[in-house]
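Worksheet: one structure, shown below.
The values are calculated or read from the model by the stated rules, or taken from the named source; none is laboratory data. Being a predicted model, the structure only gives us computed values, none of them experimental. We place every Cβ from the backbone using ideal geometry, glycine too, and count neighbours over all the protein chains shown.
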Amino acid sequence: MMQQRAEQRRRDEEDIVEMRRLLGEISGQTMDEEAMETFSRALAEETGALPPPHIVVDAIRESQSADARKIGDAVRAYYRRRRPRPQPQPQVGPPQQQPAEAEPEPTPAASDPAPAASA
């Protein structure tokens, strides 16, 4: 568990470095701590909460902008995209029995009136 958290923290740090690089490249300004804090506050205000770093990086790339509004639009678009849903795992073990649905009983053929024979 601790190893997974450390790995996630490492990926987040890499994404934040990439975010800083992209924002600096697009805006033409150096993204120091103060600039990143200002950007993060503006993005959190725009989106309601600060998205995970990898989503922000994707949104910056998609919007090709350092404007928090445009990046916020790209973040919202990211969450609206259709993504494949995970397929349910096949059950290992005996299949569970489901109650049989009541089928309508067929009417017996003998009760049908016989066609009249013509002579």
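THR107 meets each of the listed conditions (1) assigned to a helix (DSSP H, G or I); (2) surrounded by fewer than 14 Cβ atoms within 10 Å (Cβ to Cβ); (3) at pLDDT below 95 apart from (1). Remark: THR38 matches the filter, which requires a residue to be of a type outside the set (D, E, K, R) and at pLDDT 95 or above. Among all positions in region 53-65, there is at least one residue which is exposed (fewer than 15 other Cβ atoms within 10 Å of the Cβ), among the polar types (S, T, N, Q) and free of Cβ contacts under 8 Å to residues at least 40 places away in the same chain. Scanning region 5-35 for residues that are outside any helix (DSSP H, G or I), under 16 Å from ALA68 (Cβ atoms) and not hydrophobic (A, V, I, L, M, F, W, C) yields one hit, GLN29. What pairs come up if the first residue lies in region 1-17 and is surrounded by fewer than 12 Cβ atoms within 10 Å (Cβ to Cβ), the second is modelled with pLDDT of 95 or more and part of a helix (DSSP H, G or I), and their beta carbons are under 9 Å apart, counting only those six or more places apart or on different chains? From residues that are surrounded by fewer than 12 Cβ atoms within 10 Å (Cβ to Cβ), the pairs are GLU13/PRO53. Filtered by the rule that a residue be closer than 20 Å to ARG9 by Cβ, within 18 Å of the chain's Cα centre (by Cα) and in a helix (DSSP H, G or I), region 36-74 gives PRO53, HIS54, ILE55, VAL56, VAL57, ASP58.
Among residues of region 24-49 that are without any contact (Cβ under 8 Å) to a residue 60 or more places away in the chain, those with a beta-carbon under 9 Å from a residue that is loosely packed, with under 12 Cβ neighbours inside 10 Å and of a type in the set (Ser, Thr, Tyr) at least six positions away or on a different chain give the pairs GLY24/THR30.
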